[in-house]
Amino acid sequence: LIAYAAERHITIVPEIELPGHSLAALAAYPEFSCKGSPIQVRTTGGIEENVYCPGNENAMKFLETVLSETADLFPGAFFHIGGDECPKKSWNVCPKCKKRMADEGLKNAEELQSWVVRRMERLLNSKGKRLIGWDEILEGGLAPNAAVMSWRGTKGGFTAASEGHDVVMSPTSHCYLDYFQAKGGEPRAIGGFLPLQTVYSFEPIPDKLPAERTGHILGVQGNLWTEYIPHSAQLDYMAYPRGCAIAETGWSQKEKKNWDDFQARLSAHFARLDARGVKFRVPPPVIAEK
Ligand code: ACM
Ligand code: ZN
């Protein structure tokens, strides 16, 4: 995969999700959860309450080993550790987690999550990598050199950039390519509504961000999670042409963007996508105004 991407001038950023969204790993290593009892792999999507136990030193060492081995594989500068959607319920009742919080002088479970992220950042920095994580890593204090992927809106990205951290903008409002593109007649999807024009309208640099901080907005990312995507033709349908709009918001200045012009240029994109066998979504005809 790495070589295939490199030949196409693409750098893959690996994401090893922690400390939540990790039930597959915990099914194999149940001793690394707070309860430690056997767990089945989930067969549905969603947020899982069973998460890694930061009070368990072996669990933290396991994560450091996995990150270390994965960091050695991937040549890119960034390493994504997830950090999103981690329920803290088990940490608040787990004796090992409570002891960790007391030993480390942490006030609450948010600070415990921050402690985990900082620890993983030290490991990654020692391997010459930069840590990036979802905007939840701001909660409980952002790790010193961390970059943030802003997905729950752009506020987290704004805060991080204001504090001098690098940011990739990927808000659900404009960048979630797993959302519906029409009000009906579409294949099953997770929900939401994100038509092409909304994607195109995204401006990654927040208006109120001071000029000297705008350089911290590294770019944009379209997220195409695949719980509801059974085959590659449907993936193409979700990815294109919205992916073309994401790209243009990433590399065009605000003043140079123009929706009508973009729409006119789409036919060239379509010819190119068609030639490559990409099963893009054909936008419905627009009725001209009188
Ligand atoms: C996310 O969509 N949970 C980053
Ligand atoms: Zn625990």
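Laboratory data are not the source of any read-out in this text; all were calculated from the coordinates shown. Note that the structure is a prediction, hence the values are computed from the model and not measured. Cβ: placed from backbone, ideal geometry, glycine included. Neighbour counts: every protein chain shown.
Laid out as a table, the results:
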| item | result |
| --- | --- |
| Under 13 Å from the Cα of LYS127 - aspartates and glutamates, other chains or at least 8 residues apart | GLU64, GLU69, ASP72 |
| The range 129-280 - percent relative contact order, Cα under 8 Å, separation 6 or more | 19 percent |
| Percentage relative contact order, the range 156-213, counting C-alpha pairs under 8 Å, at least six apart | 34 percent |
| Relative contact order computed over the chain (Cα-Cα under 8 Å; 6+ residues apart), in percent | 12 percent |
| Segments 262-275, 3-16 sorted - mean Cβ within 10 Å per residue, highest first | 262-275, 3-16 |
| Value of [θ]222 nm, deg cm²/dmol, for the chain, DSSP H segments ≥ 4, -39500 (n - 2.57) each, nearest 500 | -11500 deg cm²/dmol |
| Whether the range 27-174 is rounded, prolate or oblate, judged on the alpha carbon gyration tensor where a/c under 1.5 counts as rounded | rounded |
| Distance violations [Cα-Cα > 20 Å] among LYS99/LYS129; LYS61/LYS107; LYS35/LYS99 | LYS99/LYS129; LYS61/LYS107 |
| Separation in nanometres of the label points that stand 7 Å from Cα toward Cβ, at ILE190 and ASN92 | 2.5 nm |
| Per-selection metrics, the chain (Cα): Rg and Dmax in Å | 20.8, 71 |
| Extension gain from ALA247 to ALA28, taking 0.36 nm per residue of separation minus the Cα-Cα distance | 75.0 nm |
| Over 30 Å (Cα to Cα) - which of LYS155/LYS256; LYS208/LYS279; LYS96/LYS155; LYS89/LYS183; LYS89/LYS155 fall in this group | LYS208/LYS279; LYS96/LYS155; LYS89/LYS183 |
| Label-point separation, LYS256 to LEU73 (7 Å along Cα→Cβ), nm | 3.7 nm |
| Helix 57-73 axis, angle to the chain major axis (alpha carbon atoms, nearest 10°) | 40 degrees |
| Cysteines, the chain, no other Cys beta-carbon under 4.7 Å | CYS86, CYS175, CYS244 |
| With Cα atoms, 0 to 90° folded angle of helix 259-275 axis to the chain main axis | 80 degrees |
| Relative packing of 114-124, 83-93, which averages over residues the other C-beta atoms within 10 Å, highest first | 114-124, 83-93 |
